[in-house]
Each structure stands twice: as structure tokens, then as C-alpha cells.
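Beneath this line is the structure, given in C-alpha cells, with notes to follow.
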Amino acid sequence: MDTHVIVGGGLTGAKAAETLRAEGFSGRVVVVGAEPDLPYERPPLSKGYLLGQDDRASVFVHDEQWYADQRVEVLTGRRVTALDRAAHEVELAGGERLGYTKLLLATGASPRRLRVPGNDLKGVHYLRRLAHADRLRDALASGGRVVVAGAGWIGLETAAAARTYGCEVAVVEPAGSPLHAALGPELGGFFADLHRRHGVDLRLGTTVTGFAGDSAVTAVQTNQDEIPADAVVVGIGARPETQLAEEAGLAVDDGVCVDAGFRTEDPDIFAAGDVASAWHPAYERRIRVEHWAAATNGGPAAARSMLGHEVVHDELPYFFSDQYDVGMEFTGWFPPGGYDRVVTRGTDEAFHAYWLADGRVVAGMHVNQWDEGLDAVRKLIADGRPVDADRLADPAAPLPG
């Protein structure tokens, strides 16, 4: 019997298993996850679940009965330690070996650690797993002073959650604006203003140099001063879990190198989700996307490739965020600094933003524009022709195309 093994018990792996069955695969499907829980979605960990608005059951992709009904074996709390390509086997901690016909690497990413003195003190939190969110939620519910290291998406969403709980919040960020790499300074400034209006002490151009305290953190030391803290959240990015692939001799750059169908150079091994550096036809290069859509769309696409279907995954990168009363969605892609101009269309409270390179729209975002969404943005990106920036900025003018 053919056995398709999925290494990684997250959303990517769950959606891949779901698709294997939906596409008619009748062989054995095994999902191996290092965490003790069934596969779950990660966005609620910094949004509704962290805020106590979503219950625990709501984060799981499927319940236990679904896996039983679909004959999908889920090995939780099991870590794959080695990949033997010649034998078509993976080795689990403890020495058990599991054979595969096709293998999907969906190992995801891990939080980057802040390597400074005191980083092992109690009260220093990272947010990647359900257990992390449980501990952080308890800390925020206790109130007090919270310092967030990093003004990326995780940092800003946890800062918003902390303020919603009534905590005193400071955010420390080395760059000159929040979300500097993701959005650039123009829209980073919008989010800086948003958090300052909600009482966040935003320390830009500031670097964390250490954490003070005996057994538990009491302050965050920076290159400017010391900030009292009862809890710290470190959100400085994530690194792809590529060790298995590297040790097995698969090509790795920023992630596991795959084509537009999530195939590695080994015809029986695939990679998708946060760990995959996938060829994107529109950009004519490999890109790695660490967001929900990469898992929910990439897992099914990889599963179809595992079944021998011709797959070219060319969907635009997409992500979303909720902070206070602001909801936003973004689509498209550009490298850091890879645009010439940002054009906004709308009001201060609800608008679209367009990133232009050589006069062409390469990415777009909406803030609280749920009726219009991103449909027009996607059309402009796909069209690929230069646009009139002044007309684009004028809400009274029809959008190009």
C-alpha cells in the first residue's frame, strides 16, 4: 500500500491530508507532529484566542473524529529526527522508522530568539504555539507592564491585545517605523500612529540589549534606557525549520527550495507552508511566505503534486491583521525597499494603499474597506501595466482597467 507521510502537524499538513483524501487517494496517510495537539490554525494565537474571544476548540482544523473518519493517522508529540532518502524512510525520536512513498515537509518555522543576557528569565514569552498563547494570555490577563520586542505583525498584534487587557505597553523596535520590511515607512507610519493613539509607548530606533531580573523579568534594557516589565513578548521574526532537508542533502536557501508545484529535486519529496521557498511564476524567483494563506493554499497544492497532478501554484501572497478597531488585508509582494511610491485612496479611517514599482502596482492593501476588499488590487497587479498614480489616488475617479 502506498504511504504518504506529512512531517509537520500544522495547518499545511492538515490541509494536505484533507486534499489527499478529497482527491481520491486510498493509501495510508500519516501526519507526524512534534506538538501534543491536533493540527490548528495559528492566526488566532495573536488575535481572537489570545484575547479570549475564541474558545480552544475553534482553533483546530479538524476534530479527532474527522481524522478517524478519513483514515488519517496523526502522530502527535512525535518529532522526526532524520530523513533517509535512499530507504524512503523517516526516523522518529526514539528510533522508530516510518516508510513513505511520497513525503511532504511541512515543518513550518520557529521564532527567532533574542540572544541577549537574561533571555531565559521567567516572563519572557515567544508566540508560535498554542501552549505559548495559553501562557501569554494568562500573563496579559494579570495586567501590569508589558514590553514587546519587535514591531512586526506578531509584535503589534500582541501589543494591541495587551492594551485591550488594560496593560501598560511599550514596543521596542530598531527600525524607524513598525513593519518596516513588510510595508515600508509610509504605511508603517500609519500603524505607529494607530498604536500611539491607543496608548502604546512606541520606542523606534531602539535596540534591546538585555533583560533584568533574578528569576523573573523585571525590566528590559535597551541602548537608550531601562523599561520596567512584568512580562515581555519577543516578536523578531521566524526561521524556517530546514534541518531535516539540509541533512538529507536537499537544496535549501531561505527555506526548502521547491518549484511552483512544491516539488523538491527529489521526485518523492515535497515541501509547503512556512518552510518552503517556492518558485513563483509572476515574480520569476523563489519567495517564502510565512502567512496563513501559504499554508491553507500551499498544503492542498502540494498534495495534488504528490498525486502526480500538474500543479503551478501562482496565487498572490496574502495576509491579514486585526489590531484594535482596524482590520486590514494585503496582497502582492515586493522585496524590502522594492517599490518607488505608495499611493493611498480613501480616508484616514478606511482606505486602499498601492505599492508601485516602475509605475506598476506590485502590491496593495485595504484598511477597513471590507465592501471592496482586494479584488481591484489583484486585477491591477495581474494587469501589469503602468497606471496613472494621480487617478489611482482619486476616490472619485474609476480605477484603471
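For this structure, a couple of remarks:
- Residue in the stretch 320-335 that is in a loop (DSSP other than H, G, I, E, B), in contact (Cβ under 8 Å) with a residue 60 or more places away in the chain, more than 27 Å from Leu51 (Cβ to Cβ) and not hydroxyl-bearing (Ser, Thr, Tyr) present: no
- Hey, Ser277 under 22 Å from His132 (Cα atoms), hydroxyl-bearing (Ser, Thr, Tyr) and touching an Asp or Glu at 6+ places or on another chain (Cβ under 8 Å) or not: no
- Odd one out for Ala170, checked against (1) in contact (Cβ under 8 Å) with a residue 40 or more places away in the chain; (2) within 21 Å of the chain's Cα centre (by Cα); (3) closer than 21 Å to Pro111 by Cα: (2)
- Listed by first and then second residue, the pairs linking a residue in the stretch 385-401 that is farther than 14 Å from Trp355 by Cα to a residue that is of a type in the set (Gly, Ala, Ser) and not in a loop (DSSP other than H, G, I, E, B), with Cβ atoms under 7 Å apart and 6 or more places separating them unless they lie on different chains, are Pro395/Gly346; Leu399/Ala376.
- Residue within the stretch 378-398 that is open to solvent by less than 50 Å² (accessible area, probe 1.4 Å), closer than 16 Å to Phe330 by Cα and in a loop (DSSP other than H, G, I, E, B) present: no
- Remark: pairs (first residue in the stretch 127-154, over 24 Å from Leu187 (Cβ atoms) and touching a residue at least 40 places away in the same chain (Cβ under 8 Å); second residue assigned to a helix (DSSP H, G or I) and of a type in the set (Val, Ile, Thr); Cβ separation under 9 Å; 6+ apart in sequence or on different chains) = Arg128/Ile154; Leu130/Val59; Ala133/Val59; Leu136/Thr158; Leu140/Thr158; Leu140/Thr164; Val146/Thr158.
So that you can scan it fast, the table gives a plain yes or no per residue for (1) of a type in the set (Val, Ile, Thr); (2) within 19 Å of the chain's Cα centre (by Cα):
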| site | (1), (2) |
| --- | --- |
| Asp274 | no, yes |
| Trp279 | no, yes |
| His291 | no, yes |
| Val312 | yes, no |
| Phe320 | no, yes |
| Tyr324 | no, no |
| Glu329 | no, yes |
| Gly338 | no, no |
| Val343 | yes, no |
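- Summed over the stretch 364-377, the residues that are more than 16 Å from Glu349 (Cα to Cα) and loosely packed, with under 12 Cβ neighbours inside 10 Å give a count of 1.
- The condition (being outside any helix (DSSP H, G or I) and open to solvent by 10 Å² or more (accessible area, probe 1.4 Å)) is satisfied by just one residue among Arg78, Arg21: Arg78.
- The set of residues from the stretch 281-328 being open to solvent by less than 50 Å² (accessible area, probe 1.4 Å) and in contact with a Pro (Cβ under 8 Å, 6 or more places away or on another chain) comprises Ile287, Arg288, Val289, Ala293, Ala294.
- Among residues of the stretch 90-117, those that are of a type in the set (Gly, Ala, Ser) and open to solvent by less than 20 Å² (accessible area, probe 1.4 Å), counted: 3
- Residue within the stretch 91-106 that is in contact with a Gly (Cβ under 6 Å, 6 or more places away or on another chain) and assigned to a strand (DSSP E or B) present: no
- Test for Ala212: is it in contact with a Pro (Cβ under 8 Å, 6 or more places away or on another chain) and either closer than 25 Å to Ala133 by Cβ or touching a residue at least 40 places away in the same chain (Cβ under 8 Å) (or both): no
- When residues in the stretch 336-351 are screened for being assigned to a strand (DSSP E or B) and free of Cβ contacts under 8 Å to residues at least 40 places away in the same chain, 1 of them pass.
The values are calculated or read from the model by the stated rules, or taken from the named source; none is laboratory data. Everything quoted here is computed from the prediction, not taken from an experiment. Positions of Cβ are backbone-derived with ideal geometry, glycine not excepted, and every protein chain shown enters the neighbour counts. Remember, those area values only see protein heavy atoms, side chains included, never the ligands or the DNA or RNA. Shrake-Rupley method; radii C 1.70, N 1.55, O 1.52, S 1.80 Å.
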